[in-house]
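The structure appears right after this line, and notes come after that.
Read-outs: derived from the displayed coordinates by stated rules, not from any lab. The structure displayed is predicted, hence computed values, not measured ones. For neighbour counting, all protein chains shown are included, and Cβ atoms are generated from backbone atoms with ideal geometry for every residue, glycine included.
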Amino acid sequence: MRLLMKFGGTSVADAQCIKRIVDILEEHHKRGDELAVVVSAQRGVTDQLIEVASSLATAKDSSAIAPLIQSLSKRHMVTLEGAAPDYVQEVGSELDEKLINLQNILLAIYNLRELTPRSKDHIVSYGERLLAPILGAALRQRGLASSVLDGCEAGILTTPQHGESTALPESDERIQKKIGVLLKKEIPVIMGFMGCTREGVLTTLGRSGSDYSASIIGAGIDADEIWIWTDVDGIMTCDPRIINDARVMPSLSYLEVMELSYFGAKVMHPRSIEPAMRKNILVRVKNTFNPSHPGTMIIRNGQRHNRVVKALTYIDKVAAININGAQMIGRPGVAKAIFTILADHEVNVMMISQGSSEANISLIVDEPHLTPAVTALSTLMKQGIVREVSHNHDVCAVAVVGAGMAGAPGTGGRIFTALGKAGVNVMMISQGSSEANISFVVSQDDGPRACRVLHDEFRLSEEDDE
Ligand code: ADP
Ligand code: ASP
Ligand code: MG
C-alpha cells in the first residue's frame, strides 16, 4: 500500500514519542508499504513562536528573544539526543544554524517594530523546520533511508494569503514528480503547515495546517490511504475535554468531518478533507499512543446509520456582531455592501441571521476576525448604510452534525426543546445548506452545558447497534 502518514504536535512531543513513530513506520516498511510522512512542530512550539513574534513589534526591548531561542534549542537537542544519538553532531549543527537564522529574523522584527503577515509566516514555520530533521535522523538511526523536505520543496504551491493559504491545483503534479519518485527508495519526511507561492514566497496553511499538508501530499502521490496520527483514538462524538464520556466514531463521511472541523473540532484542519475527497482517498484518524485501536475511518459515504445526529462540536473563540439600522429595511444592496466590505477585509463569517423586519443582521465571526470586521463595518456607518454596530465576545457556537439529518424532520425541534427544558437560552440559529449541520449560538457559560444536554438527548455515548 502507498500510505501518507501525518504525525501531529502531540505525537512528536519528545524523544519517546519520536521513537514510537519510528516503530510504526518501521512496521509498515517491513510489510512493504510505500511511506511518505508529514510532521508538525512539537506541541506548543508554534504558540511560543507566535507569542514572541507578535510581542516584538511593540516591545520596549528585545529580551524575549534569547529565552525563546534557548528553550527551543534545549528541547530539540534533548529530543535529538534521545531519538537519534548517532546524528547529534550532524543534525545538531543544522538545528543551531536554523536557530541563528530565527534569532536574526526576530531581531529584525524588533528593530523595525514591524511584523508583516509574510514575516510572521516565515517565523511560525520554524517549529516544523526544527522538528522534521530530528525525525529524519531517527529513521536513519533505525536503518531506514530518509530525506527531509520543506513544504515548498515537496511541491505544495499555494495562494498568497499569508497565514491562511490554500493549495493550488498544480501542486498535484509537482508533488507526484518530487515525492512519488522519492518514496520508491526512502521515506520522505515533509514539514507540514507550509507551502510557497508561485514566486517561491513561503506561506502557511492556517493553524493545524499539517492536516491539510497531509491531505495535499496524499492526493499528490495518489496514496491508497491517509493516516492522521494524533493523541486520541479517533474522532469523537464531542471534544473529550468537554464531554468525558464522548465516544470514538468508527466511521464518518467526508461531509460530516468537514461540518465538524469547520466549527472547530480540533482533530482536523477545516480544509484538510477536500484534497482527499477529490481523489476519493480513505482517511484514518489514529492514536500514536494506542496504535492497535482501529480509529476513525473517513470515507465518501459513511456507514448507513439509524442515527440522525452523530456528533457535536463546540467553539468558544467566536464573537457575535449585531448590525442595526432602519435604513436597511427594504433597501436592496445593504447585505451586499456588508458582505463585500467584510470580504475585502478578509473576515470569515461563520454564521448569518437576518431578522424578518430586515432591520437587523447578526453575524458570527472567529474572534481574531472581530477587529477587522468592526473596522470594516464602521465605514458603512459613516456612509449611512447601517446605523449601529455592536459586538459580544461572551458567546460560543455549537454545531450538531450528522448526514442523516438531511430530510429527517423534527431534529431541530428535538434539539431546541431539549435545550429549552434545560434552561439554555439560544441566541441565534443557523442550518447549513448541506442540512448535515444545525448550529446555534449561546452564551459562553452555557456552551458546555448545551453540549452535555444534546449528547444525552441523542445518546451519543452509547455504541451503535449495527
Ligand atoms: P495534533 O497535535 O495531533 O494535531 P490536536 O491537539 O490538534 O492534535 O488535536 C487533537 C485534540 O483534539 C484531542 O486531544 C482532543 O482534545 C481535541 N478534540 C476536539 N474535538 C475533538 C473530537 N470531536 N474528537 C477528538 N478529539 C477532539
Ligand atoms: N504547527 C502548526 C500549528 O500549531 C500546524 C499543525 O500543528 O498542524 O498550528
Ligand atoms: Mg492538529
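For segment 27-51 versus segment 99-130, the inter-centroid distance based on Cα atoms is 22 Å.
Pairs to check: K19/K279; K120/K310; K74/K120; K184/K286. Give those whose C-alpha atoms are more than 27 Å from each other in this structure. In this structure, K19/K279; K120/K310 exceed 27 Å between Cα atoms. Taking the longest Cα principal axis of the chain as reference, the axis of helix 15-30 is set at about 80 degrees. With the Kirkwood sum run over all distinct C-alpha pairs, segment 320-459 has a hydrodynamic radius of 16.2 Å. Lacking any other cysteine beta-carbon closer than 4.7 Å, the following Cys residues of the chain have no compatible partner: C17, C238, C396, C451. For the chain, taking the reciprocal of the average inverse distance between every pair of different Cα atoms yields a Kirkwood hydrodynamic radius of 23.6 Å.
Each residue of segment 366-444 gets 128 Å³ once the volume of the Cα convex hull is shared out per residue. Placing a label point 7 Å from the Cα of K30 along the Cα-to-Cβ direction, no residue of segment 56-86 has a backbone N closer than 13 Å. Efficiency by 1/(1 + (r/R0)^6): what FRET value for N360 and D96, r their Cβ-Cβ distance, R0 = 41 Å, to the nearest 0.05? For R0 = 41 Å, the calculated efficiency reads 0.10. P(r) tail, segment 60-179: Cα-Cα pairs separated by more than 17 Å, 64% of all pairs. Pairwise Cα distances in segment 234-326 exceed 18 Å in 50 percent of cases. Hydrodynamic estimate: the Kirkwood radius of segment 416-459 over Cα pairs, inserted into Stokes-Einstein at 37 °C and 0.692 mPa s, corresponds to D of 300 µm²/s. Each principal axis of segment 175-278 carries a Cα extent, and these read 45, 29, 24 Å when sorted largest first. Computed extension gain for E463 through D224, at 0.36 nm per residue and net of the alpha carbon distance, reaches 83.2 nm. Computed from Cα positions, the angle between helix 126-141 and the longest principal axis of the chain comes to roughly 40 degrees. Using the alpha-carbon positions of segment 336-376, Rg (one decimal) and Dmax (whole number) come out as 10.3, 30 Å.
Remark: relative contact order (the chain) = 13 percent; criterion is Cα-Cα distance under 8 angstrom and separation of 6 or more residues. Between helix 411-421 and the chain there is an angle of about 80 degrees, using the helix long axis and the longest principal axis of the Cα atoms.
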